[in-house]
Amino acid sequence: MVVKVFVVDDSAIVRQALAHMLADSPDIELVGSAPNPLLAMEAIRKTTPDVLLLDIEMPGMDGLTFLRQIMSTNPIPTVICSTLSTEGSKVALEALSAGAISVMAKPKLGLKQFLDDSRRDMILALKTAARARPRARTSLPDAAAGKAAVVRAPVLSSIHAFAMNKPVVIGSSTGGTQALELVLTSLPGDAPGIAITQHMPEKFTAMYAQRLNGLCAMQVREAKDGDRLERGLALIAPGGLHMQLRKASGQYYVHVVDGPPVNRHKPSVDVLFKSAAEVAGRDALGIIMTGMGDDGARGMKIMHDGGARTIAQNEETCVVFGMPKEAIKLQAVDEILPLEQIARAILQFDSRA
């Protein structure tokens, strides 16, 4: 398969360098380029690219506005390459939330050398994006209403909270930032504790958790070693570290630890799922969502064989049906659900004795 790419970048030097770089790849075809989104619109309709390679800071219309417009009308897999999207930046997270498949940071100086050095990563990002199926963005639940619901929710007795301490573990990758947002904003403020491994670089996860915390009725934060997994709290594994579930005195905690990548990832979903199988057994719920590759499939199989409840996101609602597909292949999944039904499944699991 030849991937058709359209570049939108206001720098003629960057467009020229990208054209040269992509011309050397037999699997990539540059079908067009434009210096800004306004000029790109008509050209994109004519060339029907598989992937957009998009800058952020441009005249006429900025890249984020253009991305949101594209994703609300005719979603096209998009890779952001911008000097504004440095690691941990707010703009990078906004781009991912708006539907970008991945974000690459380019320096303000030495652009040509950067593009030469990053050729392999760029080609991989474009090929990965081409396999994605982004969905039109829809409105999310009102965050203020969700926060108000937390205040009105009845306080659980300590005995009730202890008895219902059944952990939920979620793994996701490409497309997961948007998918997790939909799931978590659909949950009430007293939902069961959730431990999440989302493939993200270091420094992204803290800002991502902070953003979700402002949208969700639940509290959301980046996990720290020793954090207790309690009701109304979602903990996100820090980028660059693994997260495991631990149990002591009937309560669940997270262990955040360094170590080599697992399945080429750190944090790894398999690391989280295997630890959940070990310490929670049949009391756990495992959910595997959109993502490239097979990270989490083997860990989910261990959870499933140990009696845990397991759910995979269905193909139709995945941006990339990689991780769920591999778990299904291993017969590790009890139920396959569309994204919109996963929050309800969490609450149904929580209500079971």
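Do you know which of the residues in the range 227-250 that are over 17 Å from THR205 (Cβ atoms) and part of a loop (DSSP other than H, G, I, E, B) is nearest to the chain's Cα centre (by Cα)?
GLY232
When both residues are 6+ apart or on different chains and their Cβ atoms are under 7 Å apart, which pairs have a first residue that lies in the range 315-343 and is over 17 Å from LEU182 (Cβ atoms), and a second that is among the hydrophobic types (A, V, I, L, M, F, W, C) and in a loop (DSSP other than H, G, I, E, B)?
Matching pairs, first to second residue: GLY322/MET292; ALA327/VAL333.
LYS301 passes all but one of (1) within 19 Å of the chain's Cα centre (by Cα); (2) part of a helix (DSSP H, G or I); which number fails?
The one condition LYS301 does not meet is (1).
Taking SER186 as the residue in question, decide whether it is more than 27 Å from LYS266 (Cα to Cα) and at pLDDT 95 or above.
Yes, satisfied.
Out of all the residues in the range 178-204, which are in a helix (DSSP H, G or I) and among the hydrophobic types (A, V, I, L, M, F, W, C)? Outline the logic, then answer.
Within the range 178-204, the subset in a helix (DSSP H, G or I) is 178-185, 204.
Within the range 178-204, ALA179, LEU180, LEU182, VAL183, LEU184, PHE204 meet the criteria.
Per-residue answers, yes or no, for (1) within 21 Å of GLN341 (Cα to Cα); (2) touching a residue at least 40 places away in the same chain (Cβ under 8 Å):
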residue	(1), (2)
ALA179	yes, yes
PRO192	yes, yes
GLY214	no, yes
ALA223	no, no
LYS266	no, no
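Looking at the range 162-214 only, could you name the residues that are among the polar types (S, T, N, Q) and touching a Gly at 6+ places or on another chain (Cβ under 6 Å)?
SER172, SER173, THR174, THR197, GLN198, THR205 - these are the residues of the range 162-214 that are among the polar types (S, T, N, Q) and touching a Gly at 6+ places or on another chain (Cβ under 6 Å).
Residue-wise test of (1) surrounded by 15 or more Cβ atoms within 10 Å (Cβ to Cβ); (2) not in a loop (DSSP other than H, G, I, E, B).
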residue: MET21; (1), (2): yes, yes
residue: LEU30; (1), (2): yes, yes
residue: SER33; (1), (2): yes, yes
residue: ILE44; (1), (2): yes, yes
residue: PRO49; (1), (2): yes, no
residue: LEU53; (1), (2): yes, yes
residue: ILE56; (1), (2): yes, no
residue: GLY60; (1), (2): no, no
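Working only within the range 276-305, note down all residues that are crowded, with 24+ Cβ neighbours inside 10 Å, over 14 Å from ILE194 (Cβ atoms) and not aliphatic (A, V, I, L, M).
THR290, GLY291, ASP295, GLY296, GLY299
Among the residues of the range 228-243, what is the count of those that are touching a strand residue (DSSP E or B) at 6+ places or on another chain (Cβ under 6 Å) and either over 12 Å from PRO167 (Cα atoms) or buried (at least 22 other Cβ atoms within 10 Å of the Cβ) (or both)?
Count: 9.
Quick grid of which residues meet (1) of a type in the set (Val, Ile, Thr); (2) modelled with pLDDT of 95 or more:
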site	(1), (2)
PRO238	no, yes
GLY250	no, no
TYR253	no, yes
SER268	no, yes
VAL271	yes, yes
GLY281	no, yes
ALA284	no, yes
THR290	yes, yes
LYS301	no, yes
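Of all the residues that make up the range 312-337, how many are in a loop (DSSP other than H, G, I, E, B) and over 16 Å from the mean Cα position of the chain (by Cα)?
Adding up the residues that qualify gives 5.
Within the range 63-82, track down each residue that is part of a loop (DSSP other than H, G, I, E, B) and surrounded by 18 or more Cβ atoms within 10 Å (Cβ to Cβ).
Answer for the range 63-82, where residues must be part of a loop (DSSP other than H, G, I, E, B) and surrounded by 18 or more Cβ atoms within 10 Å (Cβ to Cβ): ILE76, PRO77.
How many residues are touching a Gly at 6+ places or on another chain (Cβ under 7 Å) and either hydrophobic (A, V, I, L, M, F, W, C) or under 18 Å from MET300 (Cβ atoms) (or both) if we restrict to the range 225-251?
3
The values are calculated or read from the model by the stated rules, or taken from the named source; none is laboratory data. Computed from a predicted model, the values in this text were never measured in an experiment. Cβ sites come from the backbone with ideal geometry, for glycine too, and all protein chains shown count toward neighbours.
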